[in-house]
Structures are given as structure tokens and as C-alpha cells.
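Working notes for the structure below.
Just so you know, all these numbers are worked out from the coordinates, no wet-lab data involved. Since the structure is predicted, the reported quantities are computational estimates derived from the model, not experimental observations. Please note: Cβ atoms are built from the backbone with ideal geometry, for glycine as well, and neighbour counts cover all protein chains shown.
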Amino acid sequence: MTGSLIRLCPDDVAYDDLFGRIEGISKDDKNCLIALASPNQINDVEYQHIVAKVRKSSDTMNHLSSKGYVTVGAFWIPAHKLEDARRFDVSWWRGGKASLATLFQSCKGQLL
């Protein structure tokens, strides 16, 4: 699943769908790191990554392959907070950009 193309559809109507690629999945299969196809600029902060966490305890990121989608909480990660050792940890997050969203597997022909 790492390397898969995705489309993230935030539930918040103020945000457009985003496209990207999965860079990694946590060992428990509950989180993934997404590299955005195009950086997202919000309030003078550039975001190139999102951490997506499954919303339902019964879901895993594997549902992206089996069902084609999974509902997630999405957290925009500024570059200075992205650390390889703690790439899925958002415990530091307070008041940044986030949204409930649906994560879809993107068409293989989708150009990023």
C-alpha cells in the first residue's frame, strides 16, 4: 500500500479534495503518512504532509485496498514537525489544520 495514490476528501466544505501518495503506514495499520502532490499553503504555513488516522476502531488502512476508502481524522503536518522516528505521532498537535475526511484509493491513471 505504501506508494499508493490517494484522494483525501475533507468533510469540511471549506477545503477542496487533495491528492497525494502514501509514504508509510504504521505497524498497527491505523495511521498513514501522506505526501501531498501539491503543497497546501494555509495562513503562511506550507504543508506537504498529512497524517491520517482511521476513525473507527474496527477499521484499518487495509480497508483502503479492500473497500476502496476509509474514514479518517486528517492532520496537516508542517515540515518542522515531521520526524522519521515519530512520523505518525500527532500528540504535539494543538489548533493546527485538521479535518474529518474520507480517504479514497485514487485511479492509477490519475496524474499528480
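Magnitude of the Cβ-charge dipole of the chain, K/R +1 and D/E -1, about the Cα centre, nearest 20 debye?
About 300 debye.
For the modelled label position 7 Å from the Cα of Tyr69 along Cα-to-Cβ, which residues of the range 1-27 have backbone nitrogen atoms closer than 18 Å?
5-20
Sequence gap at least 6, Cα distance under 8 Å: using those rules, report the relative contact order of the range 5-105 to the nearest whole percent.
Once divided by the residue count of the range 5-105, the mean separation gives 30 percent.
Farthest toward the dipole's positive end in the chain, which of Val45, Thr71, Val90, given Cβ charges of +1 (Lys, Arg) and -1 (Asp, Glu) about the Cα centre?
Positive-most Cα among the choices belongs to Thr71.
Please list, by residue number, every one of the chymotrypsin sites (Phe, Trp or Tyr not before Pro) in the range 29-109 that is coil in DSSP and has at most 12 other beta-carbon atoms within 10 Å.
Sites meeting the loop and neighbour criteria: Trp92.
Classify the range 31-112: rounded, prolate or oblate, from the alpha-carbon gyration tensor (a ≥ b ≥ c, eigenvalue square roots; a/c under 1.5 rounded; otherwise prolate if a/b is larger than b/c)?
Judged from the Cα gyration tensor, the range 31-112 comes out oblate (a/c at least 1.5, b/c at or above a/b).
Can you give me the distance in nm between label points at Asp11 and Arg94, each placed 7 Å from the Cα along the Cα-to-Cβ direction?
According to this spin-label approximation, the distance is 2.5 nm.
With Cβ to Cβ distances under 11 Å as the rule, what net charge do the other residues near Ala101 carry (K, R +1; D, E -1)?
0
So, in nm, how far is label Arg86 from label Arg21 when the simple model puts each one 7 Å beyond its Cα toward the Cβ?
Once both label points are built, they end up 2.7 nm from each other.
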